[in-house]
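Heads up: the structure comes next, in structure tokens.
What follows is calculated from the coordinates using simple rules that are stated; it is not laboratory data. All of these numbers come straight from a predicted model, not from anything done at the bench. Glycine gets a Cβ as well: all are built from the backbone with ideal geometry, and neighbour counts include every protein chain shown.
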Amino acid sequence: MGCADRLGSALPGGASTKELEDAFIAKNVLFYIERSNNSNAVIYEANTADGAFVKGDPVKVYWIMYAKSPVNEEGLNMVERNTAYGHTCTENADGSYDLVLAALKTKKIKLSIDGDGVMHAVTQINNVDAELSKIYVENTTSWGMPKVKYIDLKGKAEGKDIEERINN
């Protein structure tokens, strides 16, 4: 099951099919974050070698800048890495990793690769283990400062779409 199969209709809406193929689908995307204020997406891609996660560095995180033409990738800046989109990963005995996002510390995301080489990002969505595909952040501003209104977690559990809203 490739990236397009796992993420299905959750693919970012900010680019054409060709741009998606070039910048998104050909990658080992575990999940991504979209925000309400623009079409750019933060990508969490599996960092693998020889069919396993790279020890100590299992995830690459970067922007896909759909708002730019041509679409390109950009790394996170220091503030983004340490606050909103940063993460920590802890290796488990079986070679999987537990990932925690800096801005969503209440949700642990288990990263694994199955016997067929398929990558998984599993977390609790509405108290059910689900394959996470997308996180959507609805932003507002208050006194000129960005503020998160809510976060939607989207994924699949037992072949069905599942979603959870976390209000801020």
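Below are the figures for this structure:
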item	result
Loop chymotrypsin sites (Phe, Trp or Tyr not before Pro), the range 96-168 (other Cβ atoms within 10 Å of the site Cβ: 13 or fewer; DSSP)	Trp143
Rounded to the nearest 20 debye, dipole of the range 3-167 from Cβ charges on Lys, Arg, Asp, Glu	640 debye
Whole-angstrom Cα spans of the range 3-167 along principal axes, big to small	48, 35, 34
Electrostatic dipole magnitude of the range 115-168 [Cβ: Lys, Arg +1; Asp, Glu -1; Cα centre; debye, to 20]	320 debye
Fraction of antiparallel bridges per DSSP, the range 46-168 only, in percent to nearest 5	100 percent
Partner lysines for Lys68 [C-alpha distance under 25 Å; skip if fewer than 8 residues away on the same chain]	Lys18, Lys27, Lys60, Lys134, Lys147
Ser96, Ser133 arranged by Cβ crowding within 10 Å, fewest neighbours leading	Ser96, Ser133
Extension gain, Thr141 back to Glu91 (0.36 nm per residue minus Cα-Cα distance, nm)	14.3 nm
